[in-house]
Amino acid sequence: MQFLTAHQIQEKFLKFFESKNHLIIKSHSLIPPKDDKSSLFVTSGMHSLKKLFIGQEKSKANRLCNVQKCLRTIDIDGIGDTYHNTFFFMLGNWSIGDYWKKEAIAFAWEFLTQELGLSKDNLYPTYFESDMPDVPTDIEMHKIWLNYLRPHQITGLGKEDNFWSAGPTGPCGPSSEIYYDLGKNKDWCGKCEKPGCSKCGRFLEIWNCAVCMQYNRLENGDLEPLPFTSIDAGAGLERITSVIQGKDNNYDTDLFRPIMDEIAHLTGKNEQENLNSFRIIADHIRAACFLIADGIRPGNLDREYVLRRVLRKLIRKQSLLEAKDDFLTKLADKVIGLYEEWWPEINGNKQMVIDVISAEQEIFAKALERGIKEFHKTVEKIKKSDHPHRNYLTGEEAFYLYETYGIPREIIEEIGLEIGFMSVPTLDFQNAVASHQQKSRESMAGKFKGGLSEEGDVWKKTQFHTTAHLMLEAMRRVLGSHVQQKGQNITDERIRFDFSHPDKLTSIEIEKIENLVNEQIKKDLPVSIAEMSVEEAKKQGAIGVFEDRYGDKIKVYSIGDFSKEICGGPHVERAGQIKGTFKILKEESSSKGVRRVKAIFKSRQFVDT
Ligand code: SER
């Protein structure tokens, strides 16, 4: 086995499959195709190819391969072990209605044993052994593997390991995976001799080398045969690299080693003494750089919230390691330097990456400090209460820290664990969220003091609220400056908005207003707030109701330099956090000289991974 860099492995992979008549395609962005609502991120190479498998779109070629950027949130809380990463690169090859099992296995075998020089004694493939009523055991796959290896190296596993689908519906099928035997190492359970052991670190899955796409899972759960059969295969570059480079974890490979060294250099801390933190930082900073470069910004919902969680975890780690303020931005610089040659988009967005990380740090670093103090105060209160030995936070207490200081729940738990507190029960926390949501539904009191909320309803209303500002300004630009707000009612599904205007709106006017609003959302304009006197607000051209407020300090919200309006909030932080396409559904008369519109968002996406 010769030493290869990760980059060389990736190049070898592409060249190999190109020589087998595969067309090399570009990596898709981390954001899934628009009409795919099955997950927040691209989680594997086939994600952007789903329509090809079900015959809804025609492929440019019937053999494809690439290196795909992927992000999986499923393991995010477990990062720090040897071989899981939130963000990773997947080496993928596909047959779209072309070759089938035999060829897929032949390719994988040739690549591993001849191109990479892995010993066949260490390769342990699996096939699907049925535990599903509607899919039989893949006997054909078992037979194919017997051409290459002795029976004891081949394992049949069930649905959990060997039936693959990209989501609850869509193309799917039984698969074959190749595991690498790392030997009777320190992570071996001491008993098992083959893959499939849940306690064991001996067998490392390195390649899902043949998902045999033959079914389409329908909404009702039924499996329907696909019009043609295909192969989907993917290997994690990080894991293959660790095997080739003889490392027992991903962080010692050249994909991470320079980042780990830079963490030590910038913090002056010892890696072994802080191994878990170092690994989390290395994993998360790489994920953050690629997420930001693909246009994602930290926010309060969906994929924006995932980025926020990742960044806030980094900020917490920075504070624990007592690193300087510029630690994360310097580290991001290192990551960009390491990857820019292969991934030009990350270099092209370098300044953006640095700016977004700094901005989140600005919002959260201080809030975190205050939140930790508040946590300790709560602990003191508990000690003086009737239950002084209580070693957990109630859902309400945890929710207060989360809502007020913007501390993600898992960080609250982490802080708690450090002082011997137990984790916050999920149900209690959810109940606290629900009860808060209930209250804010009545009073609209849901202000995001720490700039963070996972409460769907309130957050949706907030997005509409900012949109109403954009709409009013758009109306004034399209219809004239006589337009003033006369009333407004916002639910989590729509805006109802009354405004002064003598005539019915034409469809052209409506379209112009919609376009103007959507353009501002697309521009991701920043939303800022300033307190000033009424006189000053007027001087600055702010719109809104001024009556009876002279002498008072009032709040003025600006959306870029597009809109400036007197308002009490709450609002989103950036227009880009508004999800969906703005659309005016209905326009009618409200009273004399007052018109009413109802507006919604099309293609909203509130899906969890
Ligand atoms: N889609 C399959 C997986 O992610 C093969 O790439 O494992």
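No value in this document is a laboratory result; all are computed from the given coordinates. Everything numeric here is computed off the predicted structure, so don't read it as measured data. With ideal geometry, Cβ positions are generated from the backbone for all residues, glycine too; neighbour counts draw on all protein chains shown.
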Run the numbers on the chain and let me know its relative contact order in percent, using alpha-carbon pairs under 8 Å that are six or more apart. 10 percent
Scoring only Lys, Arg, Asp and Glu (+1, +1, -1, -1) among other residues with Cβ under 12 Å from the Cβ of Val379 yields +2
Suppose only helical runs count, i.e. DSSP H with n ≥ 4. What mean residue ellipticity at 222 nm does that imply for the chain under -39500 (n - 2.57) per run, divided by all residues and rounded to the nearest 500 deg cm²/dmol? -12000 deg cm²/dmol
When Glu11, Glu403 are ordered from fewest to most other Cβ atoms inside 10 Å of their Cβ, what list results? Glu11, Glu403
Fewest-first ordering of Leu146, Leu401 by Cβ atoms within 10 Å yields Leu146, Leu401
Determine, for the range 325-396, the count of lysine pairs separated by eight or more sequence positions (or lying on different chains) whose alpha-carbon distance falls under 27 Å. 11
Quick test of your reading: applying the under-4.7 Å Cβ rule, which cysteines of the chain are isolated? Cys65, Cys70, Cys172, Cys209, Cys212, Cys289, Cys567
Binned at 5 Å from 0, what are the whole-percent values of the Cα-Cα distance distribution for the range 1-112, short to long? 2, 11, 18, 20, 20, 16, 9, 3, 0
Taking Cα atoms, the helix 426-443 axis meets the longest principal axis of the chain at an angle in degrees (rounded to 10) of 20 degrees
Order these by the 10 Å Cβ neighbour count, fewest first: Leu505, Leu255, Leu218. Leu218, Leu505, Leu255
